[in-house]
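Below is one structure, written out as structure tokens; the observations come after it.
The values are calculated or read from the model by the stated rules, or taken from the named source; none is laboratory data. This is a predicted model, so every value here is computed, not measured. Note that we place each Cβ from the backbone using ideal geometry, even for glycine, and neighbour counts take in every protein chain shown. The area values use the complete protein model at the heavy-atom level, side chains included, leaving out ligands, DNA and RNA. Shrake-Rupley method; radii C 1.70, N 1.55, O 1.52, S 1.80 Å.
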Amino acid sequence: GADFIKTSTGKEGTNATLPVSLVMVRQIRAYEEATGFKVGYKPAGGISKAKDALNYLVLMKEELGRPWLEPELFRFGASSLLGDIERQLEHHLSGCYSAMHLHPSG
């Protein structure tokens with residue numbers, strides 16, 4: 001009956017990993033096939049780089065399809081990710097990375 005499942009609270013030493021996420025995502029697919037109900041997914045903890053986030057987006061698209069790239073079904077639980085996304089966008093615009101202390105961190 002949950003609307004979302006997530007990997008962890010982000011308070012453990014090992015949190016979101018791609019292998020664990022793959023298992024969870026495949027269970028989401030099996031549950032939808034059995035019930036018709038879509039459950040969202042939130043990988044939490046350990047995702048702090050934009051390049052790592054892309055791996056999770058690819059996993060969701062390949063295993064569950066386009067609908068799971070929307071916030072109704074997929075969200076990152078990684079507050080430190082925001083700072084790296086901002087740095088990547090700034091680099092894209094200016095060609096230079098800004099200092100880490102100028103961006104939010106988890």
**OP:** Using a cut-off of 11 Å between beta-carbons, work out the net charge of the residues near Lys42 (Lys and Arg +1, Asp and Glu -1, Lys42 not included).
**Re:** +1
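Is there a quick way to get the dipole size of the stretch 29-88? I mean about its Cα centre, with the Cβ of Lys and Arg at +1 and of Asp and Glu at -1; what is the value in debye to the nearest 20?
Result for the stretch 29-88 is approximately 120 debye, rounded to the nearest 20.
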Original post:
For the chain, what does the alpha-carbon gyration tensor say about shape, rounded, prolate or oblate, given a ≥ b ≥ c as the root eigenvalues, a/c under 1.5 as rounded, and a/b over b/c as prolate?
Top reply: prolate
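Run the dipole for the chain about the Cα centre, Lys and Arg Cβ at +1, Asp and Glu Cβ at -1, nothing else charged, and hand back the magnitude in debye, nearest 20.
120
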Subject >> For the stretch 1-103, accessible area per residue (1.4 Å probe, heavy atoms of protein chains only), Å² >> reply: 62
Original post:
How much of Phe4 can a 1.4 Å solvent probe reach, expressed as accessible area in Å² and rounded to 10?
Top reply: 50
**OP:** Using a 1.4 Å probe over the heavy atoms of the protein chains, calculate the carbon and sulfur portion of the accessible area of the chain as a whole percent.
**Re:** 57
**OP:** Quick one: dipole size for the stretch 63-103, taken about the Cα centre, charges +1 on Lys/Arg Cβ and -1 on Asp/Glu Cβ, in debye to the nearest 20.
**Re:** 40
**OP:** Could you state the angle between the C-alpha long axis of helix 81-94 and the longest principal axis of the C-alpha atoms of the chain, as a value from 0 to 90 degrees rounded to the nearest 10?
**Re:** 50
**OP:** Treating the angle as unsigned and between 0 and 90°, give the value, to the nearest 10°, between the Cα long axis of helix 50-64 and the longest Cα principal axis of the chain.
**Re:** 20
